[in-house]
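Engineer: For reference, the structure I am asking about is given below.
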Amino acid sequence: MANAIINVTNLRLRTYIGFNPDEREKKQDVVINLEIHYPADQACETDAVEQALNYKTITKEVISLVEQGHFLLLEKLVAEILAICHQHQSVHYAKVRVDKPHALRFADSVSLTLDWLK
């Protein structure tokens with residue numbers, strides 16, 4: 001079995017994230033990384049587009065969720081992005097990491113990672 005691994009790296013978006021009053025009123029930057037695994041035997045053999053996982057479709061769904069959403073916790077945001085990744089039938093593993101830059105005074109960012117295995 002040819003296991004394809006799609007990586008979407010450093011997708012930079014803005015959303016409402018946090019529970020402090022100022023975080024509820026102003027969008028903040030988030031940086032999203034996705035790792036999505038699916039069997040690619042048919043795509044490799046046939047070169048047929050319909051046999052491949054459409055990462056553009058997944059990315060558009062993530063962008064819509066994030067830009068339109070309001071989240072208190074990184075956990076909720078990451079879980080909802082992960083759900084988008086594994087709703088596709090062929091996906092058998094997905095991992096999502098979301099960084100919240102400048103969330104802590106002396107740190108570049110705070111991140112949370114969740115993964116899912118079929």
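Engineer: Quick test for you: out of Ser111, Ser90, pick the one residue that is open to solvent by 20 Å² or more (accessible area, probe 1.4 Å), at pLDDT below 95 and not in a helix (DSSP H, G or I). Spell out the reasoning first.
Structural biologist: Working: Ser111 fails: at pLDDT below 95.
Being open to solvent by 20 Å² or more (accessible area, probe 1.4 Å), at pLDDT below 95 and not in a helix (DSSP H, G or I) holds for just one of Ser111, Ser90, which is Ser90.
Engineer: Quick check on Glu80: is it charged (D, E, K, R), assigned to a helix (DSSP H, G or I) and surrounded by 15 or more Cβ atoms within 10 Å (Cβ to Cβ)?
Structural biologist: Details: charged (D, E, K, R): yes; assigned to a helix (DSSP H, G or I): yes; surrounded by 15 or more Cβ atoms within 10 Å (Cβ to Cβ): yes.
It is true that Glu80 is charged (D, E, K, R), assigned to a helix (DSSP H, G or I) and surrounded by 15 or more Cβ atoms within 10 Å (Cβ to Cβ).
Engineer: Also: Pull up the range 45-66, narrow it to residues that are open to solvent by less than 40 Å² (accessible area, probe 1.4 Å) and over 13 Å from Cys85 (Cα atoms), then point me to the one that is modelled with the lowest pLDDT.
Structural biologist: Ala48
Engineer: Separate question: Looking for something open to solvent by less than 60 Å² (accessible area, probe 1.4 Å) and part of a helix (DSSP H, G or I) - is there at least one such residue anywhere in the range 2-20?
Structural biologist: Of all residues in the range 2-20, those open to solvent by less than 60 Å² (accessible area, probe 1.4 Å) come to 2, 4, 6, 8, 11, 13, 15-18.
Filter once more, so that each one left must be part of a helix (DSSP H, G or I): none.
No, the conditions are met nowhere in the range 2-20.
Engineer: Next up: Cβ-Cβ distance below 6 Å, separation of 6 or more or different chains: which pairs start in the range 37-64 with a residue that is on the phi < 0 side of the Ramachandran plot and end on one that is exposed (fewer than 12 other Cβ atoms within 10 Å of the Cβ) and small (Gly, Ala, Ser)?
Structural biologist: As it stands, the answer is Ala40/Ala2; Asp41/Ala2; Cys44/Ala2, since those pairs meet every condition given.
Engineer: Now a separate question. Checking Val98 against (1) at positive phi; (2) open to solvent by less than 60 Å² (accessible area, probe 1.4 Å); (3) in contact with a strand residue (DSSP E or B) (Cβ under 6 Å, 6 or more places away or on another chain), which single condition isn't satisfied?
Structural biologist: Val98 satisfies all of (1) at positive phi; (2) open to solvent by less than 60 Å² (accessible area, probe 1.4 Å); (3) in contact with a strand residue (DSSP E or B) (Cβ under 6 Å, 6 or more places away or on another chain) except (1).
Engineer: Within the range 89-112, track down each residue that is in contact with a helix residue (DSSP H, G or I) (Cβ under 7 Å, 6 or more places away or on another chain) and either basic (Lys, Arg) or within 17 Å of Ile36 (Cβ to Cβ) (or both).
Structural biologist: Residues of the range 89-112 in contact with a helix residue (DSSP H, G or I) (Cβ under 7 Å, 6 or more places away or on another chain): 91, 94, 96, 98, 100, 112.
Result: Val91, Ala94, Val96, Val98, Lys100.
The values are calculated or read from the model by the stated rules, or taken from the named source; none is laboratory data. Just so you know, these numbers come straight off a predicted model, no measurement behind them. Virtual Cβ from ideal backbone geometry, glycine too; neighbours counted across all protein chains shown. The accessibility values were calculated without ligands, DNA or RNA, using every heavy atom of the protein model including side chains. Shrake-Rupley method; radii C 1.70, N 1.55, O 1.52, S 1.80 Å.
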